[in-house]
Each structure stands twice: as structure tokens, then as C-alpha cells.
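No lab work stands behind these numbers, since they all come straight from the coordinates. None of these values were measured; they are calculated from a predicted model. Positions of Cβ are generated from backbone atoms using ideal geometry, with glycine treated the same way; all protein chains shown enter the neighbour counts.
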Amino acid sequence: MVATLRRFPEAPCAPATESRCRTVIFEIAEAEMGVCDHPERASLRWRIISKPMKAFVYVSLKKSVLDPQGKTIHGALKKMGYKGLEQVRQGKYFEITLDGGLSRSEAQAEVERIARDVLTNPVIEEFSYSLEE
């Protein structure tokens, strides 16, 4: 497992000095400490941030809702000679990259909230999602 270890000053750095603080990647087996080269900030605290996660959200019409676009695609595929098609339903696909500041359970809750509140119309659509680290 790889994580990022960043130093955050208690008071915000000026933009010029903030960029000089190095981000240190470490593996759990051999953790390395980073160096911050602005000595006026003597008291620094460390915070571990995990790798970013990706959420894959699929939004589709509920089974009880007619899907005219899916029907049109289904008819076109049949006319083109494709066999074995029973039904075609269309939907939407979203890839969301989450920063490393969330645990897996927090990320799941956030993705569900985004999908429910923003990406779907709950009257006619439903969603499913998966998380990848």
C-alpha cells in the first residue's frame, strides 16, 4: 500500500514557500520523512493522505420507465442483422476521482450522496457504483 505523507504548517504558508515543501511518497515497510525548507515554521504536523480513489457510477432508467432511445437502438440492431437481442436500455456513465482525504466508507457515502442528489432523477432513474483504489 502506498500513501502520501505531507507536512502541513499550523499557519498557512505563503504561496512561494508552500511549493518548496516536498511531498514524500512512502511504502509502509520503509517510511521516509520529508523536509520542509522554510525554518520560520518550526512546529509542523504530519497528516497521512491515502491514494486517490475512482468511483464508477452507472445511471439508468428504472425498469418501470419506458426507454424510447433503447427501443430505437434495439430496432436498429435487429435491422442490421444482430441476433440474440432481447432488450436494449440506455443510461449514463460517470467516472469520479476522489482525493486521498477520505476513507473507503466516507468515499462510499459521498459517492452515494452525489449520485442521489446530482447525477440522477430519483423519480425515473436508479444508480449503481463501484469504487477502485
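Using the Cα centre of region 57-131 as origin and beta-carbon charges of +1 (Lys, Arg) and -1 (Asp, Glu), tell me which of 97, 57, 107 is placed farthest towards the positive end of the dipole. Sorting the options by dipole projection puts first 57. Enumerate by residue number the chymotrypsin sites (Phe, Trp or Tyr not before Pro) in region 54-100 meeting two conditions: DSSP loop (anything except H, G, I, E, B), and at most 14 other Cβ atoms within 10 Å of the site's Cβ. Those that pass, being in a loop and sparsely packed, are 82. Suppose each label sits 7 Å from its Cα in the direction of the beta carbon; what would the residue 95-residue 58 distance come out to in nanometres? Between residue 95 and residue 58, the label points sit 1.7 nm apart. Counting only residues at least eight positions apart within a chain, or on another chain, there are no lysines with an alpha carbon under 20 Å from that of residue 78. Distance between the pseudo-spin-label points of residue 80 and residue 124 (7 Å out from Cα toward the beta carbon): 2.5 nm.
A crude spin-label estimate for the pair residue 106 and residue 87, with each label 7 Å from Cα along the Cβ direction, gives 4.0 nm.
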